[in-house]
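The values are calculated or read from the model by the stated rules, or taken from the named source; none is laboratory data. Note that this is a predicted model, so its numbers are computed, not measured. Please note: Cβ atoms are built from the backbone with ideal geometry, for glycine as well, and neighbour counts cover all protein chains shown.
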Amino acid sequence: MHISEGVLSGPVLISGALLTATGTGIGLTKVDYDRITHVAVMTAGFFVASLVHVPIGPASVHLILNGLMGVFLGWGAFPGILVALFLQAVLFQFGGLTSLGVNCLNMAFPSVICYYLFQKGLRSRDLKVFMSASFLCGFVAVFLGAIMVALSLSLTGEAFRAAARILVAAHFPVMIIEGLITMFCIKFLRSVRPEILELLNGK
């Protein structure tokens, strides 16, 4: 869901940059030194997953894994996603530097929301509750991200509203795929390293 350079209006770009700066500041204060490796691993996964993308008007469709990042990083998803998007913009011209703040906000804020929405279900001993929460975390993160991208485009001008609606519709298959990937990844980690879900506490 990279929004390209020269698409968004000045007020939208400035608002996105300020909100991303705030989220990144909060994230940096909440990432302990011994968790930096977790942030690095999740950032690398996000970076690789979102490299393969299909252009849809002024944005694109691709795997995101922001729900998975939200599960383990919470607010730490902001600095992780910001670094990944910066590298993608510089190395591959995906998105852009002027739209970096908005792109980061659109992907990282849903991660934080899903962290708070589903952390109780992800700690549940009931397998059905756990699996449902895992799937919804991936699904809802992409859904909210698509809505935020559409809102960013809509606030820029009426000319982008049709593209915004198409963008949300085009992401429904991605939402399902992301939900399944997130569910299986978290289930696998719970099986081999159940203590890893302790990262859901207090961050």
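What the table below lists for this structure:
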quantity	calculated
Close pairs from segment 1-28: first of a type in the set (Phe, Trp, Tyr), partner in a helix (DSSP H, G or I), Cβ under 7 Å, at least 6 apart	none
Selected residue (criterion: modelled with the lowest pLDDT) from residues of segment 1-50 that are outside any helix (DSSP H, G or I) and among the hydroxyl-bearing types (Ser, Thr, Tyr)	50
Filtered residue count, segment 163-174, keeping only those that are surrounded by 13 or more Cβ atoms within 10 Å (Cβ to Cβ), more than 16 Å from residue 7 (Cβ to Cβ) and small (Gly, Ala, Ser)	1
Residue 146, sole failed condition from (1) of a type outside the set (Asp, Glu); (2) within 18 Å of residue 12 (Cβ to Cβ); (3) free of Cβ contacts under 8 Å to residues at least 40 places away in the same chain	(3)
Residue identified as surrounded by fewer than 19 Cβ atoms within 10 Å (Cβ to Cβ) and either over 29 Å from residue 161 (Cα atoms) or of a type in the set (Ser, Thr, Tyr) (or both) among 29, 43	29
In segment 112-129, residue surrounded by the fewest Cβ atoms within 10 Å (Cβ to Cβ) [restricted to those that are among the hydrophobic types (A, V, I, L, M, F, W, C) and modelled with pLDDT of 90 or more]	129
Residue identified as crowded, with 18+ Cβ neighbours inside 10 Å and either polar (S, T, N, Q) or within 17 Å of residue 183 (Cβ to Cβ) (or both) among 160, 143, 94, 109	143
